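Beneath this line is the structure, given in structure tokens, with notes to follow.
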Amino acid sequence: MSLGDYNRLLVPISEQDHIQGLVNTSVTLVQYGDYQCPLCGEAHRLIKAIQQQVNNLCFVFRHFPQQQIHPYAQRAAEAAEAAAAQGQFWQMHDILLTHQQELGNDYLVEYANNLGLDIPQFLQDISGKVHITHINQDIESGLHSGVTAAPALFINGIRYSDRWNIEQLMAAIVTSSH
């Protein structure tokens with residue numbers, strides 16, 4: 001593996017991914033994220049703002065919980081997947097990134113309840129670790145592409161390494177779209 005490979009997204013987007021927008025648009029953002037990571041919270045706000053300005057954007061979120069520093073990240077990822085099983089991934093995703101200080105089990109159940117999810121099913125999914133394989137596959141795909149920490153962002157398959165501010169991120173997206 002050459003060093004250049006570490007700046008490329010080596011695992012293509014698939015049916016398994018959580019996708020907003022159309023896959024065949026001019027710009028695809030793939031983010032590896034951790035629900036408890038403050039920088040991921042900031043990235044979330046940036047990406048939301050960009051989605052409102054760029055109408056042909058495809059956004060893909062992949063899990064990259066860093067359990068060694070964020071003890072609630074793994075369980076939050078499982079909650080997002082349990083919500084996904086009931087068709088509410090993006091709604092739960094937004095809630096988790098908006099309430100990063102409140103990711104304990106009671107909060108997760110409260111969020112699921114607010115979304116009108118089937119709570120026994122939601123709890124069964126989490127306690128049975130039903131979605132752990134999906135989360136681990138996301139982590140593996142990130143490691144494969146050289147991701148060592150969240151947030152990590154790829155624009156059209158190339159690792160974004162500039163500063164995380166709206167101007168620079170927008171400039172990189174506009175450049176990629178041509």
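Annotations for the structure displayed:
- Residues of the range 124-134 that are open to solvent by 70 Å² or more (accessible area, probe 1.4 Å) and either outside any helix (DSSP H, G or I) or in contact (Cβ under 8 Å) with a residue 12 or more places away in the chain (or both): Lys129, Val130.
- Selection count where residues are open to solvent by 60 Å² or more (accessible area, probe 1.4 Å) and either within 23 Å of Ile19 (Cβ to Cβ) or of a type in the set (Lys, Arg) (or both), scope the range 68-85: 2
- With respect to the conditions (1) in contact with a Leu (Cβ under 8 Å, 6 or more places away or on another chain); (2) basic (Lys, Arg); (3) closer than 23 Å to Gln52 by Cβ, Arg75 lacks only one, and its number is (3).
- Pick from the range 52-68, criterion aliphatic (A, V, I, L, M) and modelled with pLDDT under 95, ranking: farthest from Trp90 (Cα to Cα): Val54
- Cβ pairs under 6 Å, 6+ apart, first in the range 106-117 and surrounded by 11 or more Cβ atoms within 10 Å (Cβ to Cβ), second outside any helix (DSSP H, G or I): Leu115/Gln88; Leu117/Gln86
- Members of the range 141-167 found to be without any contact (Cβ under 8 Å) to a residue 60 or more places away in the chain and open to solvent by 60 Å² or more (accessible area, probe 1.4 Å), listed by number: Leu143, Thr148, Asp162, Arg163, Glu167
- The condition (being closer than 28 Å to Val174 by Cβ and of a type in the set (S, T, N, Q)) is satisfied by just one residue among Gln67, Gln52: Gln52.
- Only listed residue being within 25 Å of Leu10 (Cβ to Cβ) and open to solvent by 60 Å² or more (accessible area, probe 1.4 Å), chosen from Gln91, Gln137, Gln101, Gln121: Gln137
- Within the set Gly41, Gly21, Gly33, the sole residue that is surrounded by 18 or more Cβ atoms within 10 Å (Cβ to Cβ), more than 20 Å from Thr133 (Cβ to Cβ) and of a type in the set (Gly, Ala, Ser) turns out to be Gly41.
- Pairs are defined by a Cβ separation below 6 Å, a sequence spacing of at least 6 or placement on different chains, a first member in the range 54-66 that is in contact (Cβ under 8 Å) with a residue 24 or more places away in the chain and assigned to a strand (DSSP E or B), and a second member that is hydroxyl-bearing (Ser, Thr, Tyr) and open to solvent by 10 Å² or more (accessible area, probe 1.4 Å); the pairs so defined are Cys58/Thr25; Cys58/Thr28.
The values are calculated or read from the model by the stated rules, or taken from the named source; none is laboratory data. Just so it is clear, the model here is predicted, and its values are computed rather than measured. Reconstructed Cβ throughout: ideal geometry from the backbone, glycine too, with neighbour counts over all protein chains shown. These accessible areas exclude ligands, DNA and RNA; they are computed on the full protein's heavy atoms, side chains included. Shrake-Rupley method; radii C 1.70, N 1.55, O 1.52, S 1.80 Å.
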